[in-house]
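Coordinate-derived values only; no laboratory data. As the structure is a computational prediction, the values presented were derived from the model and not from experiment. When we count neighbours, we look across all protein chains shown, and the Cβ atoms used for this are built from the backbone with ideal geometry, even at glycine.
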Ligand code: MSP
């Protein structure tokens with residue numbers, strides 16, 4: 001039994017959550033459930049990122065005080081976690097006083113160890129990214145991700161000596177002491193690291209909506225210097241110290257740099273142990289553009305859950321796009337997946353088998369469902385983050401069991417009074433359905449439980465309804 005600590009990014013509360021947030025969280029939940037099913041001890045963390053200029057601006061636009069605004073918005077993200085059926089063990093907020101205290105101590109350690117110094121700086125700043133950009137990062141003066149104009153900012157700030165860690169980071173990543181998955185993302189980070197590292201401004205003179213630098217009351221902490229520490233502070237706040245350091249950080253590709261470069265450098269500077277792995281997801285796009293709150297082209301996950309089911313959303317997101325790559329999400333595809341794979345595929349198989357077990361009063365023989373190798377193969381795919389392949393593998397099994405039934409025609413055996421054969425065949429089909437329920441459990445936990453419940457009680461109801 002191992003200790004596994006899994007995190008999602010903490011989400012900015014500047015606007016309502018969208019399907020892109022649901023995506024990373026669902027993948028993290030699948031892993032958390034997978035490891036628990038395997039018998040490991042899991043600490044699964046998610047939460048919200050609530051300080052900084054971007055949030056303060058959003059509060060102002062909404063005519064609210066920042067604190068009132070972030071309380072309301074964070075509650076929406078927490079509600080989404082529940083609606084997504086996430087099995088997170090804790091939900092962290094960066095405005096929590098306990099987090100603030102720990103983040104201040106953490107930064108103080110970096111300062112005491114000599115990795116923070118003061119200098120003045122002028123640069124282009126993208127508020128949506130909360131990041132300084134160089135001129136070559138911009139397209140026509142705009143951030144290529146958010147299409148918004150980067151603002152020139154000039155200040156005297158406290159700088160983190162990121163540049164001191166270039167060689168060490170290259171070694172750690174090259175040797176997989178810090179793993180970055182998929183491989184393409186690792187190469188991309190190594191390529192950028194080899195170009196050299198600039199120090200990062202870790203404080204702000206004019207951003208009030210944050211907390212102060214512990215050794216300088218006149219400056220506040222840069223939002224990323226605050227946010228990344230959540231992974232550490234959560235272990236203290238929620239009394240999960242034994243889980244430190246993190247096993248897997250799940251992040252979108254827009255924030256790899258912060259997690260693969262800045263975060264380990266902060267840990268090295270504060271002399272803390274390093275996390276093991278970063279798993280990077282691609283963008284969910286709409287018409288080829290990243291879905292984002294700033295761009296306003298988003299699918300509402302709550303709407304999908306209410307029109308279909310939570311498991312439809314979970315299934316769709318991990319089945320349609322190979323994890324790690326970008327992919328377009330459309331309402332049409334969601335419907336197709338729901339009707340074909342869930343209602344007609346899985347739902348129909350469970351109904352068919354269980355209703356025959358009930359009608360012919362089948363006794364369940366000793367458990368003999370799917371082959372163990374077939375089951376292990378799915379688990380291995382999940383563990384390698386090949387969610388799409390794991391799901392298509394499960395659906396091949398579903399199709400095979402369905403096909404066996406069509407070919408074997410158990411109803412004819414019943415008519416012909418061949419009760420022994422009928423018994424043997426349907427008992428096996430029953431166990432196969434239960435094995436499938438176990439296999440889908442990390443992905444579709446509600447459906448898995450429902451199938452198990454109906455298999456037990458034989459009080460049968462359709463598991464998915466077709467949507468017209
Ligand atoms: N607050 C920072 C993260 C701090 S972690 C210490 C942040 N927040 S965010 O709300 O803007 O985005 C968080 C994550 O949401 C992204 O990295 C990504 O995982 C996910 N996604 C947001 N939009 C997405 C898509 N359109 N597609 C896929 N994932 C997306 O960045």
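With touching a residue at least 12 places away in the same chain (Cβ under 8 Å), closer than 22 Å to residue 377 by Cβ and surrounded by 14 or more Cβ atoms within 10 Å (Cβ to Cβ) as the only criterion, which of 443, 464, 425 stands out?
On the way: 464 fails: closer than 22 Å to residue 377 by Cβ; 425 fails: closer than 22 Å to residue 377 by Cβ.
Residue meeting the stated conditions: 443.
Mind listing whichever residues of the range 238-247 are buried (at least 16 other Cβ atoms within 10 Å of the Cβ) and away from the ligand (no atom under 13 Å from the Cβ)?
The answer is 238, 240, 243, 244, 247.
If a residue counts only when it is more than 27 Å from the chain's Cα centre (by Cα), which helices (runs of 4 or more DSSP H) contained entirely in the range 26-139 have at least 2 such residues? Explain how you work it out, then say what you get.
Numbers: elements: 53-61, 66-83, 97-112.
Filter on the range 26-139 gives 53-61, 97-112.
From 30, 42, grab the single residue that is under 30 Å from residue 440 (Cβ atoms) and touching a strand residue (DSSP E or B) at 6+ places or on another chain (Cβ under 6 Å).
On the way: 30 fails: touching a strand residue (DSSP E or B) at 6+ places or on another chain (Cβ under 6 Å).
The unique qualifying residue is 42.
Quick check on residue 321: is it within 12 Å of the ligand (Cβ to nearest atom), closer than 18 Å to residue 386 by Cα and touching a helix residue (DSSP H, G or I) at 6+ places or on another chain (Cβ under 8 Å)? Reasoning before the result, please.
Numbers: within 12 Å of the ligand (Cβ to nearest atom): yes; closer than 18 Å to residue 386 by Cα: yes; touching a helix residue (DSSP H, G or I) at 6+ places or on another chain (Cβ under 8 Å): yes.
Against the criterion (within 12 Å of the ligand (Cβ to nearest atom), closer than 18 Å to residue 386 by Cα and touching a helix residue (DSSP H, G or I) at 6+ places or on another chain (Cβ under 8 Å)), residue 321 qualifies.
In the set 313, 331, which member is in contact with a helix residue (DSSP H, G or I) (Cβ under 9 Å, 6 or more places away or on another chain) and surrounded by fewer than 21 Cβ atoms within 10 Å (Cβ to Cβ)? Lay out the reasoning, then the answer.
On the way: 313 fails: surrounded by fewer than 21 Cβ atoms within 10 Å (Cβ to Cβ).
Result: 331 is the single residue among 313, 331 that is in contact with a helix residue (DSSP H, G or I) (Cβ under 9 Å, 6 or more places away or on another chain) and surrounded by fewer than 21 Cβ atoms within 10 Å (Cβ to Cβ).
Can you tell me how many residues within the range 258-282 are surrounded by fewer than 22 Cβ atoms within 10 Å (Cβ to Cβ), assigned to a loop (DSSP other than H, G, I, E, B) and within 17 Å of the chain's Cα centre (by Cα)?
2
Can you tell me which residue within the range 2-25, out of those that are more than 8 Å from the ligand (Cβ to nearest atom) and part of a helix (DSSP H, G or I), is farthest from residue 236 (Cα to Cα)?
Top of the filtered list is 22.
If you scan the range 215-237, which residues turn out to be surrounded by fewer than 17 Cβ atoms within 10 Å (Cβ to Cβ) and in a loop (DSSP other than H, G, I, E, B)?
215
Can you say whether residue 294 is surrounded by fewer than 21 Cβ atoms within 10 Å (Cβ to Cβ), within 15 Å of the ligand (Cβ to nearest atom) and assigned to a strand (DSSP E or B), as far as the supplied structure shows?
Details: surrounded by fewer than 21 Cβ atoms within 10 Å (Cβ to Cβ): yes; within 15 Å of the ligand (Cβ to nearest atom): yes; assigned to a strand (DSSP E or B): no.
No, not satisfied.
Only one of 274, 250, 228, 267 is within 26 Å of residue 4 (Cα to Cα), without any contact (Cβ under 8 Å) to a residue 40 or more places away in the chain, touching a helix residue (DSSP H, G or I) at 6+ places or on another chain (Cβ under 6 Å) and within 16 Å of the ligand (Cβ to nearest atom). Can you tell me which?
Values: 274 fails: without any contact (Cβ under 8 Å) to a residue 40 or more places away in the chain; 250 fails: without any contact (Cβ under 8 Å) to a residue 40 or more places away in the chain; 267 fails: touching a helix residue (DSSP H, G or I) at 6+ places or on another chain (Cβ under 6 Å).
After ruling out the rest, the residue left standing is 228.
So, residue 32, is that one closer than 27 Å to residue 291 by Cα and surrounded by 23 or more Cβ atoms within 10 Å (Cβ to Cβ) or not? Give the steps one after another, and end with the answer.
Values: closer than 27 Å to residue 291 by Cα: yes; surrounded by 23 or more Cβ atoms within 10 Å (Cβ to Cβ): yes.
The answer is yes for residue 32.
If I ask for residues that are surrounded by 21 or more Cβ atoms within 10 Å (Cβ to Cβ) and in a strand (DSSP E or B), which ones from the range 202-213 would you list?
203, 204, 213
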